[in-house]
Ligand code: PEP
């Protein structure tokens, strides 16, 4: 089974106004020669404008969350179908900021993943342990349970990625050592193969947590790392391109 094409996805979180589309355009303009798939996941308010601004470029657009239902009385939420309709082709699900700040469980992440598939979106499902869990020696068990609980069987015939994002590395400037990243990614790979058979070998396992141009090459060339989910460093085109070029 050939290795999946690396994916570098930028998570803009709750940042960005219409003027920020210039950064997205600068990313698109700087992609010549890259071998990675590149995605930007802006706030839902920017998806349609970004899709228009990046039309004809290879940059994919993703949402940062979706509701598990296709429509209904869910004030303030966004359905996967609405993301797709606005121009998204991917969606980040189960980010630790959603799990911690909005009480998202593995079961809810799995339901959202099903919703994404129904809408034709490619899910990027996030998992990762807290610092307390790592210190207690529970990182592998926590991540394995999250992978098992958050990935529904319906993913079997569909493209998707898993993003390993240790909670303590997100936005902190801290990163695990390369052997620590590899240990978790190998464990995720084994779980993917257990869940999906040979198809589990073709799933890109992204690393996320304080990736920046200066550490991207080492992280992206680590065993079983198939790309990156990038927060802060994706907001500036020059930094994001520095990461993309490290693939
Ligand atoms: C993220 O929020 O997905 C993330 C990885 O953030 P940062 O790169 O800023 O640590």
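No lab work stands behind these numbers, since they all come straight from the coordinates. Quick caveat: nothing in here was measured; it's all calculated off a predicted structure. Methodologically, a virtual Cβ is constructed for each residue, glycine included, from the backbone with ideal geometry; neighbour enumeration extends over all protein chains shown.
Side notes on the structure shown:
- Each DSSP beta bridge with both residues in the stretch 7-244 is either parallel or antiparallel, and the antiparallel ones are about 0%.
- The slack between residue 77 and residue 29, meaning 0.36 nm per residue of separation minus the straight C-alpha distance, is 14.0 nm.
- Over the stretch 39-114, the pair-distance histogram of Cα-Cα distances with 5 Å bins from zero comes to 3, 17, 27, 23, 17, 8, 4, 1 percent, rounded to whole numbers.
- Relative contact order (%) - criterion: Cα under 8 Å, at least six apart; region: the chain: 22
- Under conditions of 10 °C and 1.306 mPa s, the chain yields 90 µm² s⁻¹ as its translational diffusion coefficient, taking Rh as the Kirkwood radius over Cα pairs in the Stokes-Einstein equation.
- What the Cα convex hull of the stretch 122-188 gives, in volume per residue, is 89 Å³.
- Estimated from helical segments only, the mean residue ellipticity of the chain at 222 nm is -11500 deg cm²/dmol, where each DSSP H run of four or more residues counts as -39500 (n - 2.57).
- Over all directions, the projected convex hull of the C-alpha atoms in the stretch 8-145 averages 9.5 nm² in area.
- In this simple spin-label model, placing a label point 7 Å from the Cα along the Cα-to-Cβ direction at both residue 135 and residue 178 gives a separation of 2.8 nm.
- Rg/Rg_ref, the stretch 55-98, where Rg_ref = 2.2 N^0.38 Å and atoms are Cα: 1.24
- Gain in span if fully extended, residue 18 to residue 5, counting 0.36 nm per residue against the direct Cα distance: 1.7 nm
- With Cα atoms defining each centre, the stretch 90-109 and the stretch 1-23 are spaced 18 Å apart in the structure.
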